[in-house]
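Each remark here refers to the structure printed beneath this line.
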Amino acid sequence: MERNLKNVLVISFGFLLLFTAYSGLQSLQSSLNAEEGLGVASLSVLYAALTLSSMFLPPIIIKKLGCKWTIAVSMCCYIAYSLGNFYASWYTLIPTSMILGLGGAPLWSAKCTYLTIAGTLYAEKAGKSAKDIINQYFGIFFLVFQTSGVWGNLISSLILSQSSNQGEISGEDLECCGAYDCLTDTSNSTGSERPSDSLIYTLLGVYTASGVLAVLLVIIFLDQIKSDQAETKKEKTSFWSTFLATLRHLKDKRQCLLIPLTMYSGFEQAFLSGDFSKSFVTCALGIQYVGYMMICFAGINSLCSLLFGKISQFTGRKLLFALAAVLNTSCIITVLLWKPDPKQLAVFFVIPGLWGVSDAVWQTQTNALYGILFEKNKEAAFANYRLWESVGFVIAFAYSTKLQVYIKACIVLSVLVLSMVTYGAVEYLEAKSSPGTPAATEKENGGPHLQETHM
């Protein structure tokens, strides 16, 4: 057990170091690389590449390299993105975004495969339930990994708060902040002024070093795992058949009805990290506050993910989905009506805090819902989940620089309303097909799938 636990901890802390850098960089893209919408364009390209790689690459790469070296090589793709930010331009950031996107899916698949095989092998030796050991390993992983958003954003805020560009923001400049932002003037306020190059290079240096440490940790300390059984299964199932199974799964009416809800997860995360962070926080307070805002979101999100996973067996998923819809709707309406004012500092944190509560529901309960509804076709179902959430990200980031914030907020709200209607239809179909099913079935664990969609 000690050796297996060591490997689980190596993967967990490797991902923590890697995503400390990535989460911080993702939160800052819309503010740090605002010129011509380069930052959000890079994120759109990134998620488009991730969508493609999810469909084709993981089985091939894992079969060729094995889990350990797939994880190490994929982590290098994330480092490339950090390096691309040192001299951010269309010629550096877009290609490195594609590299990261292509490496993202093999990284997560290799991690899942490694922990699953490790748990299964240990369970066979110890005579224990494989499901229990695997869930225990994933629990350890997410306990460590989910703090990466806090550390990554804390680093960015502490470094960028040293900026000498900070100053009092005039009322005239504040007029261009908020839902009715001035699209034609992306850097008119003191708050959105770019920090000095030396500070940016310091930040990127810390992030790059964090990524390099993650790779070294995996290469030096992670054991290569014997996966003969898993490889035999994969040889029988080519990536083409997996791809076709994903498409065939769309014949299921319930899967089609869940597409808006799944895409909404991408829309709402993109809005908070891309639009709220830039047009509200950076514009009215300064870029150094973005990290603190995202810490509030990530911290509450993690706590509520744990809480909702425990209480869903008592409340049922419908109540949690209703809670998330009400909270998200309230936040979007607030964003539309509220004019950001530095004197109302608490509001800048209350909105992402409540958004974190609702996002915890979207992540945990949607994943669990997929696991329960499509128990016999989980691979194809979760491939669809990754596909449609990524499509939501791509669309949201693609139109980000073309529309004013109030239009984007209305789009997010519209998708939310549509999601709730189609989700209600899914629940109706389920109740109709199995009216005697007790609410206790919702207890089924979303285990390995929770929060995995945060890249």
### Message
Scan segment 395-418 and tell me whether some residue there is under 26 Å from GLN313 (Cβ atoms), modelled with pLDDT of 80 or more, hydroxyl-bearing (Ser, Thr, Tyr) and surrounded by fewer than 21 Cβ atoms within 10 Å (Cβ to Cβ).
### Response
no
### Query
Which one of these does LEU285 not meet: (1) open to solvent by less than 10 Å² (accessible area, probe 1.4 Å); (2) of a type outside the set (Phe, Trp, Tyr); (3) on the phi < 0 side of the Ramachandran plot?
(1)
### Task
Return yes when LEU38 is part of a helix (DSSP H, G or I) and under 21 Å from the mean Cα position of the chain (by Cα) and no when it is not.
yes
### Lone qualifier among SER358, SER277 - being more than 26 Å from GLY424 (Cα to Cα), part of a helix (DSSP H, G or I), open to solvent by less than 10 Å² (accessible area, probe 1.4 Å) and of a type in the set (Ser, Thr, Tyr)
SER277
### segment 83-94, subset part of a loop (DSSP other than H, G, I, E, B) and hydrophobic (A, V, I, L, M, F, W, C), residue most open to solvent (accessible area, probe 1.4 Å)
TRP90
### Query
Which one of these is buried (at least 22 other Cβ atoms within 10 Å of the Cβ) and either closer than 17 Å to VAL215 by Cα or not assigned by the TED database to the domain that holds GLY286 (or both): ALA110, ALA130, ALA123?
ALA110
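Is one or more of the residues making up segment 245-265 closer than 21 Å to ALA41 by Cα, open to solvent by less than 10 Å² (accessible area, probe 1.4 Å) and either assigned by the TED database to the domain that holds TRP151 or modelled with pLDDT of 90 or more (or both)?
Residues of segment 245-265 that are closer than 21 Å to ALA41 by Cα, as a first pass: 263-265.
Filter once more, so that each one left must be open to solvent by less than 10 Å² (accessible area, probe 1.4 Å): 264-265.
Adding the requirement that they be either assigned by the TED database to the domain that holds TRP151 or modelled with pLDDT of 90 or more (or both) leaves 264-265.
Yes; the residues of segment 245-265 include at least one that is closer than 21 Å to ALA41 by Cα, open to solvent by less than 10 Å² (accessible area, probe 1.4 Å) and either assigned by the TED database to the domain that holds TRP151 or modelled with pLDDT of 90 or more (or both).
Does ILE225 satisfy the criteria of being part of a loop (DSSP other than H, G, I, E, B), at pLDDT 70 or above and more than 30 Å from LEU32 (Cα to Cα)?
Yes: the conditions hold for ILE225.
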### Message
Just checking, does segment 323-338 include any residue being part of a loop (DSSP other than H, G, I, E, B) and open to solvent by 30 Å² or more (accessible area, probe 1.4 Å)?
### Response
yes
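For (1) β-branched (Val, Ile, Thr); (2) open to solvent by less than 10 Å² (accessible area, probe 1.4 Å); (3) under 30 Å from LYS125 (Cα atoms), each residue gets a yes or a no:
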| site | (1), (2), (3) |
| --- | --- |
| GLU36 | no, no, no |
| ALA48 | no, no, no |
| LEU65 | no, no, yes |
| VAL73 | yes, no, no |
| TYR81 | no, yes, no |
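The values are calculated or read from the model by the stated rules, or taken from the named source; none is laboratory data. If you're wondering where the values come from, they're calculated on a predicted model, not measured in any experiment. Please note: Cβ atoms are built from the backbone with ideal geometry, for glycine as well, and neighbour counts cover all protein chains shown. Accessible surface is based on the protein model in full, side chains and every heavy atom, while ligands, DNA and RNA are left aside. Shrake-Rupley method; radii C 1.70, N 1.55, O 1.52, S 1.80 Å.
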